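Only one structure is covered here, and it is reproduced in the block below.
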Amino acid sequence: MLSDYRRGSRLTESFQDWLGTFLCSHDIASDVLRVMERRELVTGEILCEQGEQADELFFVARGRVRAIYRSKSGESVRLRVTEQRTVLGEIGFFSASRRTASLEAETPVVVYVLSTSTYESLCSQHPRLSNLLLEAVLGVVIQRFTVSSELVSAYEERVFKPH
């Protein structure tokens, strides 16, 4: 699954197919998709704000979303831009904490939203869902961490290389 994610084959399949592959179960994906809220955002619209309670998990079906960190002094830093067929908001959702960044539509976006209450209800219907979702999200987190580590290493080599 993670190798498919890296190769980019995820862009040629439908969102429902991607979700089934992501969760390793097309049956559970169908049930999850039926109960998630579908939202359409226009360019520049905010999906969630840094600092608010994270009680929703976002599955991006179409479009690009940027993560923006706002410092206490008011400076904004774009952390990353994510493409379609990914999950966002996972850290706050699974840790029941506040959002660490705001999410803003960089293009028109279609996102499916899984609320905490819907997730808990689904887990009672599908006991495997919790483990499947955690494993899938962990794969995304590992990939993002790997990319971030590579960027830090490249930065260190460039900035701190001996003269």
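Among the candidates LEU122, LEU129, which residue alone is at negative phi, within 18 Å of the chain's Cα centre (by Cα) and not polar (S, T, N, Q)? Walk me through how you get there before you give the answer.
Working: LEU122 fails: within 18 Å of the chain's Cα centre (by Cα).
Among LEU122, LEU129, only LEU129 is at negative phi, within 18 Å of the chain's Cα centre (by Cα) and not polar (S, T, N, Q).
The set of residues from region 125-163 being among the polar types (S, T, N, Q), in contact (Cβ under 8 Å) with a residue 60 or more places away in the chain and more than 20 Å from THR82 (Cα to Cα) comprises just one member, GLN125. Of VAL152, VAL77, all but one fail to be β-branched (Val, Ile, Thr), out of contact with any helix residue (DSSP H, G or I) (no Cβ under 6 Å at 6 or more places or on another chain), farther than 29 Å from CYS24 by Cβ and not in a helix (DSSP H, G or I); the exception is VAL77.
Here are some residues: LEU103, LEU122, LEU88, LEU114. Which one is among the hydrophobic types (A, V, I, L, M, F, W, C), in contact with a Cys (Cβ under 6 Å, 6 or more places away or on another chain) and in contact (Cβ under 8 Å) with a residue 24 or more places away in the chain? So that I can check it myself, show each step before the final result.
Numbers: LEU122 fails: in contact with a Cys (Cβ under 6 Å, 6 or more places away or on another chain); LEU88 fails: in contact with a Cys (Cβ under 6 Å, 6 or more places away or on another chain); LEU114 fails: in contact with a Cys (Cβ under 6 Å, 6 or more places away or on another chain).
Just a single option satisfies the conditions, and that option is LEU103.
For (1) touching a Pro at 6+ places or on another chain (Cβ under 9 Å); (2) part of a strand (DSSP E or B); (3) closer than 15 Å to VAL113 by Cβ, each residue gets a yes or a no:
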{"site": "ASP17", "(1), (2), (3)": "no, no, no"}
{"site": "ARG34", "(1), (2), (3)": "no, no, yes"}
{"site": "GLU40", "(1), (2), (3)": "yes, yes, yes"}
{"site": "GLY44", "(1), (2), (3)": "no, no, no"}
{"site": "PHE59", "(1), (2), (3)": "no, yes, yes"}
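Quick check on region 25-47: of everything there that is of a type in the set (A, V, I, L, M, F, W, C) and over 17 Å from the mean Cα position of the chain (by Cα), which residue is surrounded by the fewest Cβ atoms within 10 Å (Cβ to Cβ)?
Start the filter on region 25-47 by keeping residues that are of a type in the set (A, V, I, L, M, F, W, C), which leaves 28-29, 32-33, 35-36, 41-42, 46-47.
Of the ones still in play, those that are also over 17 Å from the mean Cα position of the chain (by Cα) are 28, 35, 42.
On the way: ILE28: 19, VAL35: 14, VAL42: 10.
Filtering first and then ranking leaves VAL42.
Annotation note: Cβ proximity below 8 Å between a residue of region 34-50 that is under 15 Å from GLN84 (Cα atoms) and a residue that is in a loop (DSSP other than H, G, I, E, B) (sequence gap 6+ or interchain) occurs for GLU40/PRO108; LEU41/GLY63; LEU41/PRO108; VAL42/PRO108; THR43/GLU106; THR43/THR107; THR43/PRO108. Considered as a group, the residues in region 58-105 that are buried (at least 19 other Cβ atoms within 10 Å of the Cβ) and among the acidic types (Asp, Glu) include one that is farthest from ASP17 (Cα to Cα), and that residue is GLU104. Checked against the criterion of being closer than 22 Å to GLY139 by Cβ and modelled with pLDDT of 90 or more, the candidates VAL32, VAL42, VAL60, VAL110 yield just one match: VAL60.
The values are calculated or read from the model by the stated rules, or taken from the named source; none is laboratory data. Not measured: the values here are computed from a predicted model. Quick reminder, even Gly has a Cβ in these numbers, built from the backbone with ideal geometry, and neighbours come from all protein chains shown.
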